[in-house]
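**Student:** My questions all concern the structure below.
Every read-out reported here was derived from the displayed coordinates using simple, explicitly stated rules and does not represent laboratory data. Just so we're clear, the structure is a prediction, and the values are computed from it rather than from any experiment. Heads up, the Cβs are rebuilt from the backbone with ideal geometry, glycines too, and the neighbour counts pull from every protein chain shown.
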Amino acid sequence: MSALRQTAPWTLVGRVADIPELEGRSVTIDGRRIAVFRLLGGWAAVDGDCPHRGGPLSDGIVAQRCVTCPLHGRRFDLVTGARADGGGLDRVSVHEVREEHGLLYIRISA
């Protein structure tokens, strides 16, 4: 018998106005660091630590729906979480972001 997995709750993480376009911010949800980014056409959230050496992805450069780790230059697709620079199997988990009445909410993926 398998247990049904409950959907994670939405967590309020801040105000829309606190994140400029094409920048990221770090938030902590249930002890997990998450990087949330304001893109030209919406929002993205991924695990906040680069799987290579734990670089802070929220401090990375955002371009073409990707973030580049500020420590060693690895690029990750903000939609899929896959490594975008063609190398390795590194990836980050992608999380849902919702904007509502000027506030941002994130739901952590499984």
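**Student:** Assigning unit charges at the beta carbon (Lys, Arg +1; Asp, Glu -1) and nothing else, what dipole magnitude in debye, to the nearest 20, does region 1-70 show about its Cα centre?
**Tutor:** 140
**Student:** Label-point separation (nm) for residue 100 and residue 32, each offset 7 Å from Cα along Cα-to-Cβ?
**Tutor:** Here the modelled spin labels are 2.0 nm apart.
**Student:** Moving on to the next point. With 10 angstrom as the radius, rank 49, 90 by how many other C-beta atoms surround their C-beta, starting from the fewest.
**Tutor:** 90, 49
**Student:** Considering only C-alpha atoms, what is the centroid distance from region 63-110 to region 14-41, in Å?
**Tutor:** What the calculation gives is 11 Å, centre to centre.
**Student:** Another one. Using amide H atoms built 1.01 Å from N in the peptide plane, name the residues 5+ places from residue 85, or on other chains, whose amide H lies under 5 Å from its own.
**Tutor:** Placed amide hydrogens put 75 under 5 Å from residue 85.
**Student:** Give me 28, 11 ranked fewest to most by other Cβ atoms within 10 Å of their Cβ, as a rough exposure proxy. It would help to have the intermediate numbers written out before the result.
**Tutor:** Numbers: 28 11, 11 16.
Ordered from fewest to most neighbouring Cβ atoms within 10 Å, 28, 11 come out as 28, 11.
**Student:** Something else now. Please compute one quarter of the surface area of the Cα convex hull for region 11-94 and express it in square nanometres.
**Tutor:** Taking a quarter of the hull surface, the average projection is 5.1 nm².
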